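For reference, the structure I am asking about is given below.
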Amino acid sequence: MLVWELDKTRPICPQICEQLSVLIAAEEFKPDEKLLSVREVAVKAGVNPNTVQKAFEQLEGQGLIYSVRGSGWFVGADTESAKNTVEELKYSKTKDYINEMKKLSLSAEQVKEYIKEWSE
Amino acid sequence: MSELLKCQQLTKDYGGVLALNYIDLTVESGKIIGLLGPNGSGKTTLIKIINGLLTPTSGTVLVNGMAPGVETKKIVAYLPDNSYLNSWMTVGQIVDMFTDFYEDFRPELALDMLKRLGISPEAKLKTLSKGNKEKVCLILVMSRNALLYVLDEPIAGVDPATRDYVISTIINNYNPEASVIISTHLISDIEQVLDEVIFINQGNIVMKKSVDEIREEHGKSVDELFREVFRW
Amino acid sequence: MVKKLIKHEFTAFTRTMLPMELILLGVALLNRIIHLFESHDTSYAIIEWSSNAAYCISLMVCGVMTVAVAISRFYKNLFTSEGYLSFTLPVTPAQHIFAKLLVACTYTVITMVTVFISICIISMGDYLVELFKAAGYLIEELFAHNTVHRIFFAIEVLIMCVAVGVSEILKFYACISLGQRAKKNRILAAFGIYFGYYFVCQIFGTVLLIGMTSFEWEGVVKFAVNNPNGIIHIVLLLIVAFYCAMSALYFAVSRYIMQKRLNLE
């Protein structure tokens, strides 16, 4: 399960969207399964419920989740966009990592070496 | 979204020292707002005026359209920055007192929260630890179904566990129709919870912006920005 | 809301005052028991003397504490950190003053009753019977002649006592409230105002007395001679009216400061 660790230098709302996308892409929540409530996410992540509400609405806009009046939020049938978000996340995180390594003047070759070492 | 709090040209002069310097400020309902500033910047003065404990030198303050008085006290839940409860009273007596005076107070909720902390209603306030005393005060305030919550330095001088408890209690009891104003000089602990921050320095409102706006524009946390700009 | 304020105020008073009243009654009882063993021993004399002293002291403590608690409740509950709660309750300043005044008056009466009971305890037995007989005789004598007027006098004196008591308590309140206008040393300021005001009143009274000597009293004297009862009624009622006016003034001053000029530290 995911820990709600947020980057303090980036806006909170998109981070909540990403984290929820990761949860859904990893099938922690299956299509049509009930999602956590706004309040639960807010308390777990220690963030403002309004921000979580906004994040949920954005995800709804992407068709990733849908709300049922009076009973909360559910995962949509189409988890494609969640997967896309996760793909983007993978891409950008890796890019960040490579950039960091460049700063440490680590060549791409060396990076590959390390990765190989760690994967074994 | 209505204007829950409106200050116009609000001034407080402590005999030559301007604690508030002609402040204009509006707070809408449905927000958690951080009132941030170094010690002595005017945060507590503003809060005390909102609660009718201080008389402004000039200017007006309106809470839900009314000047501070009996009607505003019914809808404002206030947590002072000092311990203000009678230390000889028991927790239960204080709960009874809040039940008596505040129509919006929910004793079952307060007693339930106290029970979960293992604080007995028979316990006398003076026998409680500092952390527990702070928690009791917060529980009393958050157990009201108020329109405006004003919390003055709720996390100053408490241990990290208590701080987490305070933050999660605020989030847990937050009601989207109400607004919460939290004053603090410890920004990093609380900025994630805030919609907006009002930065106040030497009696002036320096900035009023949303947390995500600040992070977007500056690429850094609110805490970092203020440390940089105001060199705390 | 006033009812609830009174309830909480009464609880707070009782917390300090009840033990005091009980001690007074206890000491009186002890005193009475000691007297049962009356003898000519030196040791008895010492014990008797100390128990009498203890009774006198507790009598004084009880009286002083009633006033002290009345004053300190007003100051502490409103103008110290407790004021942060008191003034954020949905209650008006007038209701605060009224509740505090009413409970202070009630406890003054309670203390008087306790003192009376303690006297009864001390003089239990033949003494008490004599005491009541004497009191009964006195009352009988008092109302034997001129009954209607004298009953009204008694009522007027009673009202006067209440008016004086109320105005004394409200004077303390007004001085404490005025002391809050000071930037620092607000308690000291309150004391200063109280004694300053006392002096002003003394001087004013003296001036008034001197002024009265030059007043033409003939008409008044004539009226007094013709209406001996009427003049007493008029004087008593004037005193009552004066103290009521002063009470209203003190009340208004305290209320104004709490409503319009509050500056809690």
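No lab work stands behind these numbers, since they all come straight from the coordinates. None of these values were measured; they are calculated from a predicted model. A quick note on method: Cβ atoms are made from the backbone with ideal geometry, for glycine too, and the neighbour counts reach across all protein chains shown.
Give, as a single signed number, the net charge of other residues whose beta carbon lies under 12 Å from the beta carbon of C:Gly192, with Lys and Arg counted +1 and Asp and Glu -1.
On the way: positive: C:Arg181, C:Arg186; negative: none.
Cβ neighbours under 12 Å give a net charge of +2.
Could you sort C:75-85, A:67-77, B:193-203 so that the peptide with the highest average Cβ count within 10 Å comes first and the rest follow in order? Mind dumping the intermediate values first?
Details: C:75-85: 19.4, A:67-77: 13.3, B:193-203: 22.2.
Ranked by mean Cβ neighbours within 10 Å, highest first: B:193-203, C:75-85, A:67-77.
Of all DSSP beta bridges located in the protein assembly as shown, what percent are antiparallel, nearest 5?
Values: 28 of 46 bridges.
Of those bridges, close to 60 percent are antiparallel.
When a/c is below 1.5 the answer is rounded, else prolate if a/b is larger than b/c, else oblate, so apply that to the stretch A:12-119 with a ≥ b ≥ c taken from the square roots of the Cα gyration tensor eigenvalues.
On the way: a/c = 3.02, a/b = 2.20, b/c = 1.37.
Verdict is prolate for the stretch A:12-119.
What Kirkwood radius, in Å to one decimal, follows from the Cα pairs of the stretch A:8-65?
11.5
Right, here's the next one. Count the net charge of all other residues whose Cβ sits under 12 Å from the Cβ of B:Lys208, scoring Lys and Arg as +1 and Asp and Glu as -1. Provide the component values of the computation, followed by the final result.
Details: positive: B:Lys31, B:Lys209; negative: B:Asp24, B:Glu28, B:Asp195, B:Glu196, B:Glu213.
Neighbour charge sum, excluding B:Lys208 itself: -3.
Follow-up question, since we're still on this one. With just the Cα atoms defining each centre, how far is the stretch B:2-19 from the stretch B:160-192? Give it in Å.
Each part reduced to its Cα centre gives a spacing of 24 Å.
Can you flag which of B:Lys74/C:Lys260; A:Lys8/B:Lys6; B:Lys73/C:Lys260; C:Lys4/C:Lys76; B:Lys12/B:Lys74; B:Lys73/B:Lys220 are past 27 Å Cα-Cα? Could the numbers behind the result be given before it?
Working: B:Lys74/C:Lys260 19 Å; A:Lys8/B:Lys6 31 Å; B:Lys73/C:Lys260 16 Å; C:Lys4/C:Lys76 19 Å; B:Lys12/B:Lys74 24 Å; B:Lys73/B:Lys220 38 Å.
Among B:Lys74/C:Lys260; A:Lys8/B:Lys6; B:Lys73/C:Lys260; C:Lys4/C:Lys76; B:Lys12/B:Lys74; B:Lys73/B:Lys220, the Cα-Cα distance tops 27 Å for A:Lys8/B:Lys6; B:Lys73/B:Lys220.
State the dimensionless ratio Rg/Rh of the stretch B:54-95 (Rg: radius of gyration of Cα atoms; Rh: Kirkwood radius).
Values: Rg = 14.3 Å, Rh = 13.0 Å.
For the stretch B:54-95, the value is 1.10.
So what is log10(I(q)/I(0)) for chain B at q = 0.12 1/Å, when the Debye sum runs over its Cα atoms only?
Here log10 of I(q) over I(0) equals -0.67.
Rg and Dmax of chain C, Cα atoms, in Å?
In Å, with Rg to one decimal and Dmax whole: 23.2, 67.
Which FRET efficiency, nearest 0.05, do C:Leu36 and B:Thr127 yield, Cβ-Cβ r, R0 45 Å? Mind showing how you got there, number by number?
On the way: r = 44 Å, r/R0 = 0.97.
In this case the efficiency is close to 0.55.
Right, next: Using every Cα-Cα pair within the stretch C:139-194, state what percent have a distance larger than 15 Å.
Numbers: 954 of 1540 pairs.
For the stretch C:139-194, the share of Cα pairs beyond 15 Å comes to 62 percent.
Evaluate peptide B:189-200: per residue, the Cβ atoms of other protein chains within 10 Å of its Cβ; return the mean as an integer. It would help to have the intermediate numbers written out before the result.
On the way: counts 1, 1, 4, 11, 9, 5, 5, 2, 0, 0, 0, 0.
Mean partner-chain Cβ count within 10 Å for B:189-200: 3.
Grab the DSSP H runs of chain C that are 4 residues or longer, score each as -39,500 (n - 2.57), total them, divide by all residues and round the 222 nm result to the nearest 500 deg cm²/dmol.
On the way: 9 runs with 229 residues, N = 265.
Roughly -30500 deg cm²/dmol at 222 nm, from the helical runs in chain C.
Please compute, over every Cα-Cα pair in the stretch C:1-150, the percentage with a separation greater than 23 angstrom. Walk me through the numbers on the way to the answer.
On the way: 6122 of 11175 pairs.
I get 55 percent for the Cα pairs in the stretch C:1-150 exceeding 23 Å.
Right, another one. Å³ per residue of the Cα convex hull, for the protein assembly as shown? Walk me through the numbers before you get to the answer.
Numbers: hull volume 163.6 nm³, N = 617.
With only Cα atoms used, the protein assembly as shown gives 265 Å³ per residue.
Excluding C:Lys4 itself, calculate the net charge of residues whose Cβ lies under 11 Å from the Cβ of C:Lys4, where each Lys or Arg counts +1 and each Asp or Glu counts -1.
Values: positive: C:Lys3, C:Lys7; negative: B:Asp96, B:Asp100, C:Glu9.
Here the charged neighbours net out to -1.
Continuing with the same structure: Provide a whole-number value for the mean count of partner chain Cβ atoms within 10 Å of the Cβ atoms in peptide B:171-180. Write down the numbers at each step before the final one.
Working: counts 10, 5, 1, 6, 1, 4, 0, 0, 0, 1.
That works out to 3 on average.
Okay, helix-only estimate at 222 nm for chain B: each DSSP H run of n ≥ 4 adds -39500 (n - 2.57), divide by all residues, round to 500 deg cm²/dmol; what do you get?
-10000 deg cm²/dmol
Provide the FRET efficiency to the nearest 0.05 for the C:Trp49-C:Ser72 pair, computing r from the beta carbons and using R0 = 35 Å. List each step's numbers first, then the result.
Working: r = 33 Å, r/R0 = 0.94.
That pair, C:Trp49 with C:Ser72, gives E of 0.60.
To continue, here is another question. Can you compute the FRET efficiency between A:Ala108 and C:Arg261 using 1/(1 + (r/R0)^6), with r the Cβ-Cβ distance and R0 = 56 Å? Round to the nearest 0.05. Write out the running numbers ahead of the final one.
Working: r = 74 Å, r/R0 = 1.32.
That gives a FRET efficiency of 0.15.
Could you pull out which residues in the stretch A:19-36 have an amide N less than 18 Å from a spot 7 Å beyond the Cα of A:Ser71, following the Cα-Cβ vector?
Correct set: A:29-36.
So how do B:5-17, B:118-130, B:84-96 stack up, highest first, on mean other-Cβ count within 10 Å?
Details: B:5-17: 15.5, B:118-130: 13.3, B:84-96: 18.0.
With the highest mean Cβ count within 10 Å placed first, the list reads B:84-96, B:5-17, B:118-130.
Starting with the highest mean, order C:89-98, A:106-115 by the number of other Cβ atoms within 10 Å, averaged over the residues of each peptide.
On the way: C:89-98: 19.0, A:106-115: 11.2.
Descending mean neighbour count gives C:89-98, A:106-115.
When Cβ neighbours within 10 Å are restricted to other protein chains, what is their mean count per residue of peptide A:51-57?
Numbers: counts 8, 1, 1, 2, 0, 0, 0.
Taking all residues of A:51-57 together, the mean is 2.
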